[in-house]
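First up is the structure itself, then whatever we jot down about it.
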């Protein structure tokens, strides 16, 4: 999704802060930011919107087909009101690389973490939450 963006789009999507982990991990239930940051998906071409939707599908496809179809239809209808943002590099391989998809309902974060037990091995932290149907708020 990020590597498909132009330089101007990357500049718009780039966050000014460094994110060393996901914001809405354990214990952060319902603490969605009130202001969206990054690049609004409505500004992207159809092909680039499809890349954003493909990233969302990666998460939604983890649930049963019937519910996935319902949720994906909702996220697709809201795609133009969704934002993508990142910090670090677009490769998502280096410690503190971070990406977020933030829509009216969808919230996805991916953060590359440095190794703890094996110090040289980076690993991901990621979460998919929903602003109105989130497990933490119900």
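The values are calculated or read from the model by the stated rules, or taken from the named source; none is laboratory data. Quantities reported herein were computed from a predicted structural model and do not represent experimental measurements. Ideal geometry is used to build each Cβ from the backbone, glycine not excepted, and the neighbour counts take in all protein chains shown.
A few notes on this one:
- Look at (1) under 17 Å from residue 134 (Cα atoms); (2) in contact (Cβ under 8 Å) with a residue 60 or more places away in the chain and you find that residue 27 fails only one, number (2).
- Test: residue in the range 38-49 that is touching a residue at least 60 places away in the same chain (Cβ under 8 Å) and within 30 Å of residue 121 (Cα to Cα): yes
Yes/no per residue for (1) closer than 16 Å to residue 77 by Cα; (2) out of contact with any helix residue (DSSP H, G or I) (no Cβ under 7 Å at 6 or more places or on another chain); (3) modelled with pLDDT of 95 or more:
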{"site": "10", "(1), (2), (3)": "no, yes, yes"}
{"site": "13", "(1), (2), (3)": "no, yes, yes"}
{"site": "28", "(1), (2), (3)": "no, yes, no"}
{"site": "34", "(1), (2), (3)": "no, yes, no"}
{"site": "37", "(1), (2), (3)": "no, yes, yes"}
{"site": "43", "(1), (2), (3)": "yes, yes, yes"}
{"site": "50", "(1), (2), (3)": "yes, yes, yes"}
{"site": "53", "(1), (2), (3)": "yes, no, yes"}
{"site": "56", "(1), (2), (3)": "yes, no, yes"}
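The rows are residues; the columns are (1) under 11 Å from the mean Cα position of the chain (by Cα); (2) assigned to a loop (DSSP other than H, G, I, E, B); (3) farther than 17 Å from residue 133 by Cα.
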{"site": "55", "(1), (2), (3)": "yes, no, yes"}
{"site": "59", "(1), (2), (3)": "yes, no, no"}
{"site": "66", "(1), (2), (3)": "no, no, no"}
{"site": "70", "(1), (2), (3)": "no, no, no"}
{"site": "84", "(1), (2), (3)": "yes, no, yes"}
{"site": "94", "(1), (2), (3)": "no, yes, yes"}
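- Those residues of the range 111-138 which are over 18 Å from residue 89 (Cα atoms), at pLDDT 90 or above and surrounded by 16 or more Cβ atoms within 10 Å (Cβ to Cβ), in sequence order: 127, 128, 129, 130
- Those residues of the range 1-48 which are surrounded by 11 or more Cβ atoms within 10 Å (Cβ to Cβ) and in a helix (DSSP H, G or I), in sequence order: 9, 10, 12, 13, 41, 42, 43, 48
- In the set (1) free of Cβ contacts under 8 Å to residues at least 24 places away in the same chain; (2) farther than 25 Å from residue 6 by Cβ; (3) part of a helix (DSSP H, G or I), the condition left unmet by residue 76 is number (2).
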